[in-house]
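Data block below; observations after.
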Amino acid sequence: MEATDSASFLNKSVSSAVAAADGTLIEEKDYTFEGYPGKELKYSGSQDGMELTIYHKIFLVDNRLFQLQIMNADTDEYLDHYDNFFNSFKLSK
């Protein structure tokens, strides 16, 4: 991570995440978590033949990459719970 800037590293992380799911990026935006740079993603993909919508937050804290992810099998049934999950993560110092 020292050989590249954080923006480049995060962009490569986005590409890798989408590619790993054999997916298609639907939405990407910059994200800040507790003052640290990150990306917030929504992409489609598949796992074991199941089509998924994937909500993914990636952020870089010093030399560590954190990732939070929710996979949803083609339903918006639990979308109102996503913020509760993502907001439950806190860094301990």
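Summary table
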| item | result |
| --- | --- |
| Residue selected from region 54-79 under the condition among the hydroxyl-bearing types (Ser, Thr, Tyr) and at pLDDT below 90, by the criterion surrounded by the fewest Cβ atoms within 10 Å (Cβ to Cβ) | Thr75 |
| Qualifying residue in region 80-91 (condition: part of a loop (DSSP other than H, G, I, E, B), at pLDDT below 90, on the phi > 0 side of the Ramachandran plot and open to solvent by 30 Å² or more (accessible area, probe 1.4 Å)) | no |
| Whichever residue in region 1-30 is open to solvent by less than 50 Å² (accessible area, probe 1.4 Å) and touching a helix residue (DSSP H, G or I) at 6+ places or on another chain (Cβ under 9 Å) and, among such residues, is nearest to Phe66 (Cα to Cα) | Thr4 |
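The values are calculated or read from the model by the stated rules, or taken from the named source; none is laboratory data. Only a predicted model underlies this, so the values are computations on that prediction, with no experimental measurement involved. We place every Cβ from the backbone using ideal geometry, glycine too, and count neighbours over all the protein chains shown. All accessible areas refer to the heavy atoms of the entire protein, side chains included, with ligands and DNA or RNA removed. Shrake-Rupley method; radii C 1.70, N 1.55, O 1.52, S 1.80 Å.
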